[in-house]
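Peer 1: Please read through the structure below; I'll follow up with questions.
The values are calculated or read from the model by the stated rules, or taken from the named source; none is laboratory data. Small disclaimer: the values here were computed from a predicted structure and weren't measured. Heads up, the Cβs are rebuilt from the backbone with ideal geometry, glycines too, and the neighbour counts pull from every protein chain shown.
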Amino acid sequence: MRENKSLEDYLVKPGEQSPFANLLVDLAFKKAFDPDKPTSRENLVNLLNDLLAPQLKHPIKNVWTRNVAKNLSGSKASRTAIFDLHCEDDAGELIEIEVQIRKLDNFLKRLAFYASEMVANQAEPGDEWDYDIKPTYVIAIARHRMFDDDRIVHRATVTDLETYEKFMESYNFTVVELAKVPFFIESKSDSLSKWLFFFRYLNRLKELPPAINERKFRQLTESSKVSKFSKEEFEAYQKVFHEKWDHNVLRRSFFEEFADDVNAKVEGRAREIAKRMLAGGKLTDEEIAAYSGLSVEDVIVLRSLADT
């Protein structure tokens, strides 16, 4: 009889390396979900159908890379999509999908821009095009919290403000916040919960726990094994982490080296704020201290200096 294990037993121990890559690294994600290879294409179709199930009219049956003819941003460097995809559902309808896995500034505004770009790129030269816009979906898988609530997945579209019915199919958004995914999964959990667990914890597992030991995840882990990387791919994959480690070390070193200067500038700024509040003559010492970040004693000293 198979020994019952706790979920923690499937984690690698401190100092050990998981055999599986971190799927939030571009290279690993692209290998696991490459739309131009049969097995990884199947992985991608499985992911899209389970993730977008509440938003799709029909399941997706095929995907391929969308070659963007023009970039409305005017800069290839500004493109952050992991995949731009044409998709066909089982009713023969086409939809456009873009997948993001990076943390972005102006997050929601960027998603709106990318969706608008996908719509605009469907335009065809000439007078015969009749604005036959295919539905677009922007998927963002974020490592960090983006919204101040407990929902892991946020879905949005264009709706009628009175009836709350969908107004048009053109714009659809799906945002996943992996930081909110708990370390818990069961065999009876739904497919989406299993995908969320898989994405967040795969590179901390030494093997798949029974709850996600299904064909589609077993197939995906084969594509996600670091041992399957070529030498060049492995070096590129490792470089991502080395750059992150170097950045963290430099950041700590900077603050250690310049802590006194930084603190002096912060304190100077706080004193300037406190002086302006004192000049107004309407706030108590306690209120000025709370707003400026100074201590009450410092505010009293400033007040006495201002009165001399």
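Peer 1: Report whether or not Lys275 is out of contact with any strand residue (DSSP E or B) (no Cβ under 6 Å at 6 or more places or on another chain), modelled with pLDDT of 75 or more, surrounded by 10 or more Cβ atoms within 10 Å (Cβ to Cβ) and more than 30 Å from Asn43 (Cα to Cα).
Peer 2: For Lys275, the condition - out of contact with any strand residue (DSSP E or B) (no Cβ under 6 Å at 6 or more places or on another chain), modelled with pLDDT of 75 or more, surrounded by 10 or more Cβ atoms within 10 Å (Cβ to Cβ) and more than 30 Å from Asn43 (Cα to Cα) - is met.
Peer 1: Now a separate question. What number of residues within region 30-60 satisfy the criterion of being under 16 Å from Tyr137 (Cα atoms), not small (Gly, Ala, Ser) and not in a helix (DSSP H, G or I)?
Peer 2: 7
Condition check ((1) part of a strand (DSSP E or B); (2) β-branched (Val, Ile, Thr); (3) not assigned by TED's automatic domain parsing to the domain that holds Ala112) across all residues:
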site	(1), (2), (3)
Gly126	no, no, no
Trp129	no, no, no
Asp132	no, no, no
Val138	yes, yes, no
Met146	no, no, no
Asp149	no, no, no
Arg155	yes, no, no
Val158	yes, yes, no
Glu162	no, no, no
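Peer 1: May I pose another question? Of the residues that sit in region 207-241 and are outside any helix (DSSP H, G or I) and either among the aromatic types (Phe, Trp, Tyr) or in contact with a Pro (Cβ under 7 Å, 6 or more places away or on another chain) (or both), which one is modelled with the highest pLDDT?
Peer 2: Step one: of region 207-241, the residues outside any helix (DSSP H, G or I) are 207-209, 213-214, 225, 229-230.
Subset that is either among the aromatic types (Phe, Trp, Tyr) or in contact with a Pro (Cβ under 7 Å, 6 or more places away or on another chain) (or both): 225, 229.
On the way: Lys225: 91, Phe229: 86.
Among those residues, the one meeting the criterion is Lys225.
Peer 1: Now for a separate question. Has region 34-41 got any residue that is at positive phi and either touching a Pro at 6+ places or on another chain (Cβ under 9 Å) or not polar (S, T, N, Q) (or both)?
Peer 2: No, the conditions are met nowhere in region 34-41.
Peer 1: Looking at (1) farther than 30 Å from Phe183 by Cα; (2) modelled with pLDDT of 65 or more; (3) in a helix (DSSP H, G or I); (4) not hydroxyl-bearing (Ser, Thr, Tyr), find the lone condition where Leu283 falls short.
Peer 2: The failed condition is (3).
Peer 1: May I ask you to list pairs of residues, at least six apart or on different chains, whose Cβ atoms are under 8 Å apart, with the first in region 288-305 being assigned by TED's automatic domain parsing to the domain that holds Ala270 and of a type in the set (Val, Ile, Thr) and the second being surrounded by fewer than 14 Cβ atoms within 10 Å (Cβ to Cβ) and at pLDDT 75 or above?
Peer 2: Correct list of pairs: Val296/Glu286.
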